[in-house]
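Everything below concerns the one structure shown next.
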Amino acid sequence: MSFDLKNIIRRNILDLKPYSSARNEFSGDNAVLLDANENPYNTPYNRYPDPNQSDLKDKVSSIFNIRMENIFLGNGSDEAIDLIFRAFCEPGVDRVISIEPSYGMYKVCADIQDVAVDGALLNEDFSLNTENILCQIKQETKIIFLCSPNNPSGNLLEEEKIIDLLSRFEGLIVVDEAYIDFADGDGVLKYLNEYKNLIVLRTFSKAWGLAGIRLGMAFASTEIVEVLNKIKYPYNLNILTQEFALEALQEFKKRKAWLSDIINERERMEKQLTTFSFVEKIHHSDANFLLVKTKNPASIYNYLVKEGIIVRDRSRVPLCEGCLRVTIGSKKENDLLLGKLKTFSL
């Protein structure tokens, strides 16, 4: 099937004249800046940040080997998700598809924008059921959301099935790869130039340990990135985030060590948790968490809360009956959890 961005973009967005900030109209050094009504006294944060995030995008470009024109940087991946809805979905008219179970923000953003969500249930083993997705496609369907590795199940979705969907769907497919660094596979970013309807989300919140600075990425065609930049707030990434990210992105050795520790702990925790009588199954994980099926998730969750340990109860999510989602912490944190579970009884 052929993909044409003009067929799915909202008419008012296509015709929109974006806000032009002072820093959009001029870039350079050693200028007397009297164009943006800023306080002239250096704090040193009296000036507006670069709205194009040029230095940071240049660094991201070198890390991921992706052209700067194909990179959107946002206030977490959630900003990119929100902008995708605002750019391509007409409120009260258009629809999207999201696999079930999956990350909850897709539906939250859809509800805020008054966009209907059609759920496509995964297989029992959380593998991708493409027929469930294809049968949900309607004339008004603009976007399919896939999370890989998926949250809360933790598994990497099958690459060949994602490619099949990209080939057969005329709308956008958003593949959220927030947890890809913890997986054996390298994700679908390599197909960006081949499929113009592909948007890949990545984040610095997980493997890079930068959840607190709220920095997310969307990789897409130049045309899609231009649309996202057109409707974003002019200064969506503050100076502090940009500066801190540039410094942190030099820490490749530290990141590599973190990844190794987390993956090793994930394997250890999977083995240890299977020894408890109240644990029925631990689903395979390609992420930094485990989905653990238990006999009484509410009792375990409440017990751990009283002991000062917080996990996530996912037992009311489709296909996750009885399941708790456990983030892989440090060895000390994981040992504390295991120690408390040894004293738990149903």
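The values are calculated or read from the model by the stated rules, or taken from the named source; none is laboratory data. Computed from a predicted model, the values in this text were never measured in an experiment. Positions of Cβ are generated from backbone atoms using ideal geometry, with glycine treated the same way; all protein chains shown enter the neighbour counts.
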Selected residue (criterion: surrounded by the most Cβ atoms within 10 Å (Cβ to Cβ)) from residues of the range 13-45 that are outside any loop (DSSP other than H, G, I, E, B) and touching an Asp or Glu at 6+ places or on another chain (Cβ under 9 Å): Arg23
Answer residue from the range 266-312, given it is touching a strand residue (DSSP E or B) at 6+ places or on another chain (Cβ under 6 Å) and acidic (Asp, Glu) and is farthest from Glu124 (Cα to Cα) among those: Glu270
Candidate set: the range 251-272, residues that are without any contact (Cβ under 8 Å) to a residue 60 or more places away in the chain and among the hydrophobic types (A, V, I, L, M, F, W, C); chosen: the one surrounded by the most Cβ atoms within 10 Å (Cβ to Cβ): Trp258
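Residue by residue through the range 301-316, note down the ones that are outside any helix (DSSP H, G or I) and either surrounded by 13 or more Cβ atoms within 10 Å (Cβ to Cβ) or under 24 Å from the mean Cα position of the chain (by Cα) (or both).
Passing the criteria: Glu307, Ile309, Ile310, Val311, Arg312, Asp313, Arg314, Ser315, Arg316.
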Residues satisfying the stated conditions in the range 232-242, i.e. part of a helix (DSSP H, G or I) and surrounded by fewer than 16 Cβ atoms within 10 Å (Cβ to Cβ): Ile239, Leu240
Residue in the range 282-292 that is over 16 Å from Thr327 (Cα atoms) and either more than 22 Å from the chain's Cα centre (by Cα) or aromatic (Phe, Trp, Tyr) (or both) present: no
Which listed residue is assigned to a strand (DSSP E or B), under 25 Å from Ala183 (Cβ atoms) and at pLDDT 95 or above, from Leu338, Leu290, Leu319: Leu290
